[in-house]
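Written out below as structure tokens is the structure these notes cover.
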Amino acid sequence: MGRSNATLAGRPAVFLDRDGTINVATIRDGKSYPPASLEELVLAPGAVDAIAALRRAGFCTVVVTNQPDVATGKQRREVVEAINQALKSQLALDDIRVCYHADADACGCRKPKPGMLIDAARDWHIDLARSFMIGDRWRDVEAGRAAGCRTLLIESGYSERRSEPDFSVASLVEACDIIFTMGA
């Protein structure tokens with residue numbers, strides 16, 4: 001099923017980046033890093049209530065996360081999966097999609113490409129035009145835009161390139177407030 005079929009009469013979704021969006025990222029030298037272990041996992045302030053409210057409002061909640069440290073050998077896949085399982089047990093998430101590739105792999109699922117969002121739209125009957133992408137990096141904004149979603153960037157002050165989102169916010173909670181104001 002192609003992208004156009006995936007968006008027909010579907011439900012709205014909120015796609016969420018993982019590190020720096022629903023959980024706290026470690027910042028070193030202006031760059032964002034994921035938790036290195038399950039013990040380092042800290043949820044972002046308000047994440048539990050914000051994501052639960054999204055679900056109550058009828059949004060499908062899907063995490064879409066790049067985890068290239070698995071491809072480069074800096075992280076074990078089991079650790080990423082344990083972190084994702086912990087997030088799924090604590091948050092009202094419908095799904096977690098992971099790209100384990102590095103940029104050099106040139107896959108279609110690694111953000112900024114929209115592959116994870118489009119695949120989730122097909123599997124969950126999501127209307128991408130009524131959906132939102134929340135993230136803390138330019139890759140999230142570009143993936144959301146390429147999939148046809150409205151985009152919200154959590155401003156984190158990273159030392160990296162920037163793409164203009166539809167909305168800039170200070171937190172996940174603020175992003176959700178905007179979504180509730182707009183509706184699907």
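The values are calculated or read from the model by the stated rules, or taken from the named source; none is laboratory data. What you are looking at is a predicted structure, and each value in this text was computed from that prediction instead of being measured. Virtual Cβ from ideal backbone geometry, glycine too; neighbours counted across all protein chains shown.
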Kindly evaluate A57 against the criterion of being touching a residue at least 60 places away in the same chain (Cβ under 8 Å), touching a Leu at 6+ places or on another chain (Cβ under 7 Å) and aliphatic (A, V, I, L, M). no
Select from the stretch 148-184 the residues that are farther than 25 Å from R28 by Cα, surrounded by 15 or more Cβ atoms within 10 Å (Cβ to Cβ) and in contact (Cβ under 8 Å) with a residue 40 or more places away in the chain and list them in ascending order. G148, C149, C176, I179, A184
Between a residue in the stretch 112-140 that is over 27 Å from Y33 (Cα atoms) and any residue that is surrounded by fewer than 18 Cβ atoms within 10 Å (Cβ to Cβ) and of a type in the set (S, T, N, Q), which pairs come within a Cβ distance under 8 Å, given they are 6 or more apart or on different chains? R122/N5
Against the definition (under 29 Å from F180 (Cα atoms), modelled with pLDDT of 95 or more and touching a helix residue (DSSP H, G or I) at 6+ places or on another chain (Cβ under 8 Å)), how does P34 come out, yes or no? no
The one condition in (1) in a helix (DSSP H, G or I); (2) touching a Leu at 6+ places or on another chain (Cβ under 9 Å); (3) closer than 22 Å to P12 by Cα that K88 fails to fulfil: (2)
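Each row is one residue, and each column tells you yes or no for (1) at pLDDT 95 or above; (2) under 19 Å from R137 (Cβ atoms).
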| site | (1), (2) |
| --- | --- |
| T7 | no, no |
| F15 | yes, yes |
| C60 | yes, no |
| D95 | yes, no |
Out of V141, V98, sole residue that is in contact with a Pro (Cβ under 6 Å, 6 or more places away or on another chain) and not basic (K, R): V141
Considering the stretch 104-119, residues that are in a helix (DSSP H, G or I) and not aliphatic (A, V, I, L, M), and then whichever is farthest from P68 (Cα to Cα), we arrive at D119
